[in-house]
């Protein structure tokens, strides 16, 4: 199943995750933010992605990537945003409810920061299943 019929849903759960984006992570291109496993029977509606620069003096950049395989060790990736500058002590909204996306099965979102430990990413989403 690629995605459930969202007209006839059994459950919708609101969720929020937070990560510290790194330059790279083991066997992937970035740090995994959200993943929807193959055959999960769910679709994830991504409502908000915010990147906060917690470094008090230097700007940093963030890249958010959509992987077409949940493991991101192979497959195709497409950037949602690329090297967007986040000023020191500031937050950038990468995606909001006006530009929400659906994460189907076997898809993941990954984040890459220009500096380890400078960018914290918050994502709110809805887990929808029939």
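Readers should treat all values here as calculations from the given coordinates under stated rules, not as data from a laboratory. Please read these numbers as outputs of a predicted model, since none were measured by experiment. We place every Cβ from the backbone using ideal geometry, glycine too, and count neighbours over all the protein chains shown.
Quick rundown of the values:
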item: Extension gain from residue 89 to residue 38, taking 0.36 nm per residue of separation minus the Cα-Cα distance; result: 14.6 nm
item: Order of 55, 118, 89 - criterion: other Cβ atoms within 10 Å of each residue's Cβ, fewest first; result: 89, 55, 118
item: Distance between modelled label sites at residue 129 and residue 48, nm, 7 Å Cα→Cβ extension; result: 2.5
item: Tensor-based shape of region 81-130 (alpha-carbon gyration tensor, a/c under 1.5 rounded, otherwise prolate or oblate); result: prolate
